[in-house]
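Notes for the one structure printed next.
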Amino acid sequence: MNGFFGHLKTVLKHKRLVCKFCFKCGLYRQGLTHDLSKLSPTEFIPGARYFSGKRSPNEQERTEKGYSSAWLHHKGRNRHHWEYWNDYKRGVGIIPVEMPLKYTAEMCCDRIAACRVYHGKSYKQGDALEYFMTSNAPKLMHRATADKLREWLTLVRDLGENEAFKIIREDVKKGK
């Protein structure tokens with residue numbers, strides 16, 4: 001039962017933070033609907049089973065099984081993940097597609113919230129940028145999307161969340 005309630009508490013805390021951040025960016029619908037698939041049995045049951053409170057249950061499931069069924073379900077249903085925006089091009093293979101700004105902004109909010117939840121009191125404003133830059137994501141996602149996410153996460157690090165969210169809101173509004 002500890003995994004059930006621990007995972008539920010973590011998911012709800014994350015959803016609350018992303019909702020708050022999305023609202024600051026003017027993304028009200030996305031804030032309210034963010035990660036609803038995490039409450040589906042396909043994602044919630046493995047999440048509760050592999051819950052540790054220290055890292056994503058998807059990582060633990062991946063370690064044990066070689067893949068994460070919850071993640072495969074999640075990324076295919078949530079447009080704020082860059083992995084959703086991959087397509088197939090004949091003769092080339094899998095190619096990244098540029099994400100619409102509103103989903104890139106939600107992804108930015110998602111990354112900040114995840115770092116806040118998992119880092120707790122040791123969270124620093126540069127954590128989401130550092131996590132992004134040390135991952136493979138910048139090399140695998142569409143260059144324009146990676147550049148925009150890097151720009152916004154740098155603003156969070158340098159100006160703080162509130163100022164960064166004001167700029168993100170304006171960028172999304174202007175479509176730039």
(message) Looking only at residues that are under 17 Å from S37 (Cα atoms) and touching a helix residue (DSSP H, G or I) at 6+ places or on another chain (Cβ under 6 Å) in region 52-68, which one is most open to solvent (accessible area, probe 1.4 Å)?
(response) N58
(request) Go through (1) without any contact (Cβ under 8 Å) to a residue 40 or more places away in the chain; (2) under 14 Å from the mean Cα position of the chain (by Cα); (3) open to solvent by 50 Å² or more (accessible area, probe 1.4 Å) one by one and return the number of the condition L159 breaks. (result) (2)
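Answer with yes or no whether G126 is out of contact with any strand residue (DSSP E or B) (no Cβ under 8 Å at 6 or more places or on another chain), farther than 22 Å from K176 by Cα and loosely packed, with under 13 Cβ neighbours inside 10 Å. I'd like the intermediate steps shown before the answer.
Working: out of contact with any strand residue (DSSP E or B) (no Cβ under 8 Å at 6 or more places or on another chain): yes; farther than 22 Å from K176 by Cα: yes; loosely packed, with under 13 Cβ neighbours inside 10 Å: no.
No; evaluated as a whole, the condition is false for this residue.
Yes/no matrix, rows are residues, columns are (1) closer than 20 Å to N58 by Cα; (2) buried (at least 20 other Cβ atoms within 10 Å of the Cβ); (3) not small (G, A, S):
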residue: L8; (1), (2), (3): yes, no, yes
residue: L12; (1), (2), (3): yes, no, yes
residue: F23; (1), (2), (3): no, no, yes
residue: Q30; (1), (2), (3): no, yes, yes
residue: T33; (1), (2), (3): no, no, yes
residue: S37; (1), (2), (3): yes, no, no
residue: P41; (1), (2), (3): yes, no, yes
(request) Hey, can you tell me all the residues within region 138-156 that are of a type outside the set (V, I, T), part of a helix (DSSP H, G or I) and open to solvent by 10 Å² or more (accessible area, probe 1.4 Å)? (result) P138, K139, L140, R143, A144, D147, K148, R150, E151, L155
(request) May I ask you to list the residues in region 96-128 that are in a helix (DSSP H, G or I), without any contact (Cβ under 8 Å) to a residue 40 or more places away in the chain and more than 12 Å from the chain's Cα centre (by Cα)? (result) H119, G120, K121, S122, D127
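The values are calculated or read from the model by the stated rules, or taken from the named source; none is laboratory data. Predicted model only: the values in this text are computed from it and were never measured. Cβ: placed from backbone, ideal geometry, glycine included. Neighbour counts: every protein chain shown. Keep in mind that these areas ignore ligands, DNA and RNA; they rest on the heavy atoms of the full protein, side chains included. Shrake-Rupley method; radii C 1.70, N 1.55, O 1.52, S 1.80 Å.
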